[in-house]
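The values are calculated or read from the model by the stated rules, or taken from the named source; none is laboratory data. It should be emphasised that the depicted structure is a prediction, and the values quoted were computed from it without experimental measurement. No Cβ is skipped: glycine too gets one built from the backbone with ideal geometry, and neighbour counts run over all protein chains shown.
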Amino acid sequence: MDFRLEIAKGREELALLAAARFLDVAADALRSRGVFRVALAGGETPRAAYARIAESWREAPGGPLDWGRVHLFWGDERMVPPGDARSNFGMARETLISRVPIPAGNVHPVPTTGYDAGADAAAAASDTAARYERTLRETFPEAREGAPPRFDLVILGMGADGHTASLFPGDPALLEEKRWVVAARHPGSGEPRVTLTLPVLNHTAATIVLATGREKAAVMERAVRGRGHGRDPARDAAVRPPLPIELLRPAPGTLLFLADEEAAAWARSEDSGPNR
Ligand code: 6PG
């Protein structure tokens, strides 16, 4: 696993760097595989990056991005309808999808509709996870048991508790070794979620983790420090349980931590590991 920490001067530069990386990975994927399959993150951090992609895809270094060969997925989703302000799909539709010529058939949201919100949302989340896994089987025909779908790019955020996607510390979803998509719950609100699992995330060709703000500095330090020098937090579990973000170890693949100066405050005063 090749990893880098890049520090942006602020949130706007982070958005620009993330958009540029998205377009670079897309151009590589289209050149080598003829298709670009990317899983998007939710939350607030990626909003500006999606908007910058919508504004800059025509001037991409490899030429305008061919949206007809781009397929969008989600790394996780809240069990809310697309029109709900909490919807990760809704946020991407507002900032990106509604502003680029991507065919509707190339957009693969987690199917969070078709169940009665009053019903047992947790049970609905399991059914939704199974339905999304079927979507992945259809759109990644080369994937099979033991060989999960290999996204060309996954964009992730990170919580101050070390969660990523909807893989939260202590959640059974974190231990899933076979299924590609499972139900999860937000530990604070209990909100039912659906998330890609580590077998899929750790099979990704290129991963970008976006983090901004002082509240993420401690967990960013922990996420990055242990990577160089052959450390494996899973092996050090006896010392302390690894955080989900520490278990994110895409191989073979690249992992870019893209942080603003507040989230990377600790690294600015010292070397933080290889490739910085
Ligand atoms: C979600 C995300 C989640 C998010 C982090 C960071 O559904 O909320 O997938 O993993 O990336 O919680 O969120 P912010 O970007 O809002 O800080």
Qualifying positions in the range 1-40 - in a helix (DSSP H, G or I), farther than 17 Å from residue 57 by Cα and of a type in the set (Lys, Arg): 11, 33
Checklist (1) part of a helix (DSSP H, G or I); (2) touching a residue at least 40 places away in the same chain (Cβ under 8 Å); (3) within 15 Å of the ligand (Cβ to nearest atom) applied to residue 43, failing item: (1)
Flag for residue 112 being hydroxyl-bearing (Ser, Thr, Tyr) and under 28 Å from residue 123 (Cα atoms): yes
Residue in the range 56-89 that is modelled with the lowest pLDDT, counting only those that are more than 16 Å from the chain's Cα centre (by Cα) and acidic (Asp, Glu): 84
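Yes/no per residue for (1) under 23 Å from residue 204 (Cβ atoms); (2) in contact with a strand residue (DSSP E or B) (Cβ under 7 Å, 6 or more places away or on another chain); (3) in contact (Cβ under 8 Å) with a residue 12 or more places away in the chain; (4) within 16 Å of the ligand (Cβ to nearest atom):
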position: 57; (1), (2), (3), (4): yes, no, yes, no
position: 65; (1), (2), (3), (4): yes, no, yes, no
position: 78; (1), (2), (3), (4): yes, yes, yes, yes
position: 81; (1), (2), (3), (4): no, no, yes, yes
position: 84; (1), (2), (3), (4): no, no, no, yes
position: 102; (1), (2), (3), (4): yes, yes, yes, no
Some residue of the range 252-266 being within 13 Å of the ligand (Cβ to nearest atom), surrounded by fewer than 20 Cβ atoms within 10 Å (Cβ to Cβ), part of a helix (DSSP H, G or I) and at pLDDT 95 or above: no
Per-region count, the range 226-245, residues at pLDDT below 95, under 17 Å from residue 177 (Cβ atoms) and in a helix (DSSP H, G or I): 2
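A quick yes/no check of all residues on (1) buried (at least 20 other Cβ atoms within 10 Å of the Cβ); (2) within 15 Å of the ligand (Cβ to nearest atom); (3) of a type in the set (Gly, Ala, Ser); (4) closer than 27 Å to residue 105 by Cβ:
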{"residue": "15", "(1), (2), (3), (4)": "yes, yes, yes, no"}
{"residue": "19", "(1), (2), (3), (4)": "yes, no, yes, yes"}
{"residue": "32", "(1), (2), (3), (4)": "no, no, yes, yes"}
{"residue": "49", "(1), (2), (3), (4)": "yes, yes, yes, yes"}
Some residue of the range 69-76 being in a strand (DSSP E or B), within 13 Å of the ligand (Cβ to nearest atom) and either charged (D, E, K, R) or without any contact (Cβ under 8 Å) to a residue 24 or more places away in the chain (or both): yes
Criterion violated by residue 7 - all others in (1) hydrophobic (A, V, I, L, M, F, W, C); (2) more than 28 Å from residue 225 (Cβ to Cβ); (3) modelled with pLDDT of 95 or more; (4) over 17 Å from the mean Cα position of the chain (by Cα) satisfied: (2)
Among the candidates 160, 217, 211, residue that is more than 12 Å from the ligand (Cβ to nearest atom) and farther than 22 Å from residue 130 by Cα: 217
Residue check, residue 92 under 21 Å from the mean Cα position of the chain (by Cα) and within 15 Å of the ligand (Cβ to nearest atom): yes
Where a residue in the range 136-159 is at positive phi and surrounded by fewer than 21 Cβ atoms within 10 Å (Cβ to Cβ) and its partner, wherever it lies, is of a type in the set (D, E, K, R) and part of a loop (DSSP other than H, G, I, E, B), with Cβ under 9 Å and at least six apart: 146/178
